[in-house]
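Below is one structure, written out as structure tokens; the observations come after it.
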Amino acid sequence: MELAMLEEKAPVVRNLRNQEEVSWTNPLLTGTKEALEGIELTMEDVKDAEERLQRFAPFISRVFPETRDRDGLIESPLKEIPGMKEKLNSTWGAGLTGKLLLKMDSDLAVAGSIKARGGIYEILKHAEDLALEHGIVKPGENYEKFADPEAKEFFSQYSVHVGSTGNLGLSIGIISAAVGFHVFVHMSQDAKQWKKDLLRSKGVEVIEYAGDYGAAVKKGREEAEKDPYSYFVDDENSVNLFLGYAVAALRLRKQLEECEIKVDDEHPLFVYLPCGVGGAPGGVTFGLKLLYGDNVHIFYEEPVQACCMVLGIATGLHSDICVQDIGLSGKTEADGLAVGRPSKFVGKTVEHLLSGEFTVEDDRLYLYMKALLDQEHIFIEPSSCAAFAGPVRIEKEEACRKYLEEQGLSGKMEKATHIAWATGGSLVPEEGQRELSEKSGRSGRLIRRKSVEIGGEEHEKRNITPERGGKLRHLRLLRI
């Protein structure tokens, strides 16, 4: 389809193509009940995944000592961050009135990112399927048996392949090696060196490619297909990955209840998820919508140069279009989000559940990273910091305020809870953290040169333009 036709169908494409930061509300959003009727997966599938993780808890506890205080449960903290909320309000004029919390998947044990959920789950399910088929374990046995030398010897006959920009490769590599699989991680040029080094230290074979994420995935799939004893983790289409991520919703519900935070018609929940190919945010979206229905509002955040999911959903083309098709590079400092083509499976699954998307420039990621360090003494990766684009704009931008009005939320925002989902960071080595922190200072100076200083606060000239039907809307930044 020609660009002119795409822009007529989805005017937001013009702004994406012009490399503008965009706020987009999804015209395909429907009531949750109606949307879920079109999805084959159900809550029973999510509960089945949760039960499988419980069965593997003794194994996890044995091979990863850092999980023993949680009895083998891999889960992250949920933390209120009032200092960051104040910073978003005072520096960026967010006007955020409800609570702001950080879901710290950046601190997940074993793999240090949200990929510890789906990635670890998929490999454990594959191991369970093989073990039950070949009598390595029997139903009802203690799964600590998976850590025995005999089990590892059995699994060493098999290999696992995955393509990754970094964090998925870490989770797949670490857990596969612990089970005993021979594991190959095919990594794109966007992946950080320390991630490659860490994988190799675990005995993982890391294969590097000059191309992008898509090239690494393609090669990993081809290599796996050559060997009947190989298993390919398909980040773009895997139902098992998706369900592993969806379990996060069950865990989050328990944490919110422990914090005495209500989610109902008078207490809306807003969740902001950085998005790459879509698997992790898609699974979390599905799980949360199953639990909270229309009372949860979910937004994805993507880099300006790698905004594949908003492009796929807005045009309806999903994986049949990539960011390079509209002249973008797909390159970003947010390595975990450096994806040019979205998952069709995820896009089709969430297209009626997703409230909208925000795209964000790389320089701004470092400003958010520095603010979180300064205000809360928490370090997360630049990719994770995309999650703050939503809280900055949700009560500030005209497009977002119109969404709130349409959803009947305008008078309820003081009772709202906002969760920024930190997707990675704790495994970044100290030297890497220092380099990123130094870069955040340089990015701050760059952003300030682009901005107009008013009363000591940072503001930008913005032009909010309604699109056709008043439903498809975007934010256009005017360069200064």
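Measuring with a 1.4 Å probe in the full set of protein chains, what accessible area per residue, in whole Å², belongs to the range 202-312?
34
Which percentage, to the nearest 5, of the DSSP beta bridges contained in the chain is antiparallel?
In the chain, approximately 30 percent of DSSP beta bridges are antiparallel ones.
Determine, for each peptide in 309-318, 114-123, the mean count of other beta carbons within 10 angstrom over its residues, then list the peptides with the highest first.
114-123, 309-318
Per-residue counts of other Cβ atoms within 10 Å, averaged by peptide: what ranking do you get for 132-142, 177-187, 366-376, highest first?
Sorting 132-142, 177-187, 366-376 by mean packing, highest first, produces 177-187, 366-376, 132-142.
Positive end of the charge dipole of the chain (Lys, Arg +1 and Asp, Glu -1 on Cβ, about the Cα centre): tell me which of His186, Tyr300, Leu198 has its Cα farthest that way.
Farthest towards the positive pole: Tyr300.
Percent of accessible area on the range 121-225 owned by carbon and sulfur, 1.4 Å probe?
48
So for His377, His161, what's the accessible-area order with a 1.4 Å probe, most first?
His377, His161
Got a number for the accessible area of Glu438? Probe 1.4 Å, square angstrom, nearest 10.
110
Could you tell me what % of all Cα pairs in the range 10-146 have separations over 19 Å?
So the pairs more than 19 Å apart make up 70 percent of the total in the range 10-146.
Along the principal axes of its C-alpha atoms, what lengths does the range 202-352 span, in descending order and rounded to whole Å?
Extents along the principal axes, in whole Å: 52, 39, 26.
Using per-residue counts of other Cβ atoms within 10 Å, averaged over each peptide, order 167-175, 63-71 from highest down.
167-175, 63-71
Answer with a single label: of (i) 1.34; (ii) 1.10; (iii) 0.96, which was calculated as Rg/Rh (Cα atoms, Kirkwood Rh) from the structure in view?
(iii)
Which residues' amide hydrogens lie under 5 Å from the amide hydrogen of Phe270, considering only partners 5 or more residues apart or on another chain, with H built in the peptide plane?
For Phe270, whose amide H was placed from the backbone, the distant partners under 5 Å are His297, Thr417, His418, Ile419.
The values are calculated or read from the model by the stated rules, or taken from the named source; none is laboratory data. The structure presented is a predicted model; accordingly, all values stated were derived computationally and were not measured. No Cβ is skipped: glycine too gets one built from the backbone with ideal geometry, and neighbour counts run over all protein chains shown. Heads up: the accessible areas ignore ligands, DNA and RNA and are worked out on the full protein's heavy atoms, side chains in. Shrake-Rupley method; radii C 1.70, N 1.55, O 1.52, S 1.80 Å.
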